[in-house]
């Protein structure tokens, strides 16, 4: 039968996983991933199975690395995400976490837009290191993404988003993740992009400060092309700061809604 | 009309601009969808609310 092994077509007489593992001289220290799911017991092979044998002992060659990184993606999903174009507006607590998640799932083209540099008070919730202090956030994030997934395209623009540059910045993209801090900037981006870019979808955020219940943060489809994540009531203010857990929960909502939109699902 | 999923009855003619001001929305922090289309801020005051309108108003709060 014909299967895909580590991203390449293979003709085999083997009837089961373990026969093939033995046949390929794989060590005991091999992770087996069959059709996107890690397997530890033997089972029959079927025509067109997507199978990965990943050795934990050594770094795979570049030829195999991309396919191996994609091994945990559900078959059919990765190819759609690879075509996806997503812009992330703001690289603070939300945007830095969203960028890393979208890179991990293999969204093919990311645009990072931010006007700020990394400073010490960012580290309580934003995905940067001490070694990034003083760097532009767009550069610090591009560097991290290159170390997480080198097989995606990452564009960066070091600028403040305004009603004048929304169109040129975002017109080529499928989805904008709004990840600003300032509520006026959030409203400006949502209004301008929905008015001027007729196909774009926006996944925005509102309300994730403090340590209120995780379960208050939800995703809703507010407008035909606006999806909103947050608890809608807990703003950051004196006495109620932004903290890593709820900011990342909200970022997770935004990243998952973006993933769903790239797969053609418009239900929140 | 239906505003944010709630049926609202107005006794006098009212523009969208007057409505959001009366409800204490902050114009620089909101976005409004009228019958499935984003409504430009420039048109808030010239848009008269009608009985069969479906309106969604989002007011953003800070943090990110």
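Just so you know, all these numbers are worked out from the coordinates, no wet-lab data involved. Note that the coordinates shown come from a computational prediction; the quantities given were computed from them, not determined experimentally. As a convention, Cβ positions derive from the backbone with ideal geometry for all residues, glycine included, and neighbour counts pool all protein chains shown.
Observations on the model:
- Rounded FRET efficiency, nearest 0.05, which uses the C-beta distance separating residue A:25 from residue A:224 and R0 of 51 Å: 0.40
- Going by neighbour counts of Cβ atoms within 10 Å, the residues A:141, A:257, A:243 line up, fewest first, as A:243, A:257, A:141.
- Nearest 10 degrees, 0 to 90: helix A:244-262 Cα axis against chain A principal axis: 70 degrees
- q = 0.09 Å⁻¹, the protein assembly as shown: log10 I(q)/I(0) [Debye, one scatterer per Cα]: -0.57
- Between the range A:79-144 and the range A:189-265, the Cα center-to-center distance that results, in Å: 16 Å
- Extension gain, residue A:244 to residue A:172: 0.36 nm times the residue separation minus the Cα-Cα distance gives 22.8 nm.
- DSSP beta bridges in chain A [antiparallel fraction, %, rounded to 5]: 45 percent
- Gyration tensor verdict on the range A:82-123 (Cα atoms; rounded if a/c is under 1.5, prolate if a/b is larger than b/c, oblate otherwise): prolate
- Residue A:12/residue A:104 FRET efficiency (R0 45 Å; Cβ-Cβ; nearest 0.05): 0.90
- Here each label is just a point 7 Å from Cα along the line to Cβ, and for residue A:42 and residue A:162 those points are 6.9 nm apart.
- Each of residue B:2 and residue A:199 was given a label point 7 Å from its Cα along the Cα-to-Cβ line. The distance between the two points is 2.9 nm.
- The distance from the alpha carbon centre of chain B to that of the range A:7-30 is 62 Å, rounded to a whole number.
- Kirkwood estimate for chain B, i.e. one over the average of 1/r between Cα atoms, Å: 12.1 Å
- By other beta-carbon atoms within 10 Å, ranking A:186, A:15 with the fewest at the front produces A:15, A:186.
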